[in-house]
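Working notes for the structure below.
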Amino acid sequence: MKCGYALIACLVAALAGSQVVRAAELPFCSNHVINEVVARTGCTVGDTGCWVSGGGFCTDYVEKMTRRGKNGQPPKLRPIPASQVRKGDVAQFNARAHMAYVERVVRDGNGQPVAVDLSEYNYGKCLVDDQALVTDTYKIRTTRSGVPVKSVDGGFLRPER
């Protein structure tokens, strides 16, 4: 699936094209965590418009990290083989309806990519708002190291320069 930056279109396409949506299967956060996220963001559970305009989704982060050019517009993303992944590319996880920015590529002795280090928004452990797929890390930059290339089920995308 090729997914650009339009948040709603990206999430809807990922959800529609995936038989198992692990993002929707996350447990709900505790009331304490939900209250913390609501206080931090100013959005409330059920107010999808607020979450979408708040800029805290994975696609918002990817857009911010790949923005190029004088007009500030994000470049188009094109699929690339996993063997060509490099820093600055985008990892797409279809089952999780998620995208992340590639910070570093770990290679084996033959130079083949085996893992990536990622940075991202909204890759949380629990759901704050299940309809909008808001997690406990909405608008918080998190990192993951050593993510196996084989686990990137949507493949990699490269911003066109």
Checklist entry - Average projected area of the Cα convex hull of region 99-161, in nm²? => result 5.5 nm²
Next on the checklist: Under 5 Å between amide hydrogens, which residues at least 5 positions from LEU127 or on another chain qualify, with H placed 1.01 Å from N in the peptide plane?
Outcome noted: PHE28, CYS29
Next on the checklist: Compute and list, largest first, the equivalent-ellipsoid semi-axes of region 46-124 from the alpha carbon gyration tensor, each √(5λ) rounded to a whole angstrom.
Outcome noted: 26, 16, 10
Checklist entry - What full-extension length gain, to one decimal in nm, is calculated for ASN110 and ASN31 as 0.36 nm per residue of separation minus the Cα-Cα distance? => result 23.6 nm
Item to check | Share of carbon and sulfur in the accessible heavy-atom surface of region 64-149 [1.4 Å probe, %] | outcome: 47 percent
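The values are calculated or read from the model by the stated rules, or taken from the named source; none is laboratory data. Computed from a prediction, not measured in an experiment: that's the story for all the values here. We work out accessible area using only protein heavy atoms, side chains counted, and drop any ligands, DNA or RNA first. Shrake-Rupley method; radii C 1.70, N 1.55, O 1.52, S 1.80 Å.
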